[in-house]
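Scroll down for the structure; my scribbles are underneath it.
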Amino acid sequence: MQQSEKNKRRILNIFMQDCCCYTCGPGEEEVIEKERGGLDPITEKPTYHYYKYIWHTPYDDGEVKHYENVAKCLDGTIVVNNGDYEETTQKEYEEYLSYWNKEISEDYIRHRENENELRREKWLARAS
């Protein structure tokens, strides 16, 4: 996860996979994060905790200010979370990383941009 220099909004290294249109409602995406927990008193090695967060798209842009956490996905989708989380394991975290490392490739990014452009064009054609 990165922090945007421009507007200080978190950037999640994921794409919003769920549809988040007015018909389908808000989309949800699960994010697993690794956080440093301190040093082990015996071995003096760092310990880590793994947390699973559920991020979802807000119904309305004005609703964003009511949430504790606001972030942006790689595809530009704004997502929110109230800080609710669930503890998870290192194994699940590694599987999650493996999945997203496969998904976030240059070909996938280009494909996703093309899909978004086609959706925009269809929406504009319907609107006019």
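FYI, it's all coordinate maths here, none of it is from the lab. None of the values given here were measured: they were computed from a predicted structure. Please note: Cβ atoms are built from the backbone with ideal geometry, for glycine as well, and neighbour counts cover all protein chains shown.
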Which numbered condition in (1) touching a residue at least 60 places away in the same chain (Cβ under 8 Å); (2) more than 21 Å from residue 86 (Cα to Cα); (3) not acidic (Asp, Glu) is the only one that residue 21 fails? (1)
Please tell me if residue 49 is surrounded by 12 or more Cβ atoms within 10 Å (Cβ to Cβ) and over 17 Å from the mean Cα position of the chain (by Cα). yes
Please identify the pairs in which a residue from the range 49-70 that is without any contact (Cβ under 8 Å) to a residue 40 or more places away in the chain and within 28 Å of residue 38 (Cα to Cα) has its Cβ atom under 6 Å from the Cβ atom of a residue that is part of a strand (DSSP E or B) and of a type in the set (D, E, K, R), counting only partners at least 6 apart or on another chain. 49/35; 51/33; 54/28; 54/30
Test of understanding: among 42, 78, which residue is loosely packed, with under 13 Cβ neighbours inside 10 Å and of a type in the set (A, V, I, L, M)? 42
